[in-house]
Amino acid sequence: MPKYYEDKEEDGRACGGGREDLRQCLLESPCVLQENKSPKQCLREGHCRSLQMTFFACKRSMLDTRARFRGRKGY
């Protein structure tokens, strides 16, 4: 369950929910907490892959002209 909607203020940016969930997932991952690696390095290693793909799909749908009718992907 995404934590974005639980007691958080509204982010006005596009794909803000996906961005926040991806950020939290990376910061709470064992890669960052135990191995003391940077979140960027952990993302390259494949941690939080599903949230990364959701965020990418949302950002890509902003460039798609069909999104005017269908809406953005993700949340």
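The values are calculated or read from the model by the stated rules, or taken from the named source; none is laboratory data. No experiment lies behind these values; they were computed from the predicted model shown. So basically every Cβ, Gly included, is an ideal-geometry build from the backbone, and we count neighbours across all protein chains shown. These area figures cover heavy atoms from the full protein model, side chains too; ligands, DNA and RNA do not enter into them. Shrake-Rupley method; radii C 1.70, N 1.55, O 1.52, S 1.80 Å.
Residue under question is A14, and the condition is that it be in a loop (DSSP other than H, G, I, E, B), open to solvent by less than 50 Å² (accessible area, probe 1.4 Å) and either at pLDDT 75 or above or touching a Leu at 6+ places or on another chain (Cβ under 7 Å) (or both); does it hold? Considered against the rule, which asks whether it is in a loop (DSSP other than H, G, I, E, B), open to solvent by less than 50 Å² (accessible area, probe 1.4 Å) and either at pLDDT 75 or above or touching a Leu at 6+ places or on another chain (Cβ under 7 Å) (or both), A14 comes out as yes.
Among the candidates S50, S38, S61, single out the residue that is crowded, with 17+ Cβ neighbours inside 10 Å and of a type in the set (S, T, Y). Don't jump to the end; show me each part of the working.
On the way: S50 fails: crowded, with 17+ Cβ neighbours inside 10 Å; S38 fails: crowded, with 17+ Cβ neighbours inside 10 Å.
None of the others qualify; the one that does is S61.
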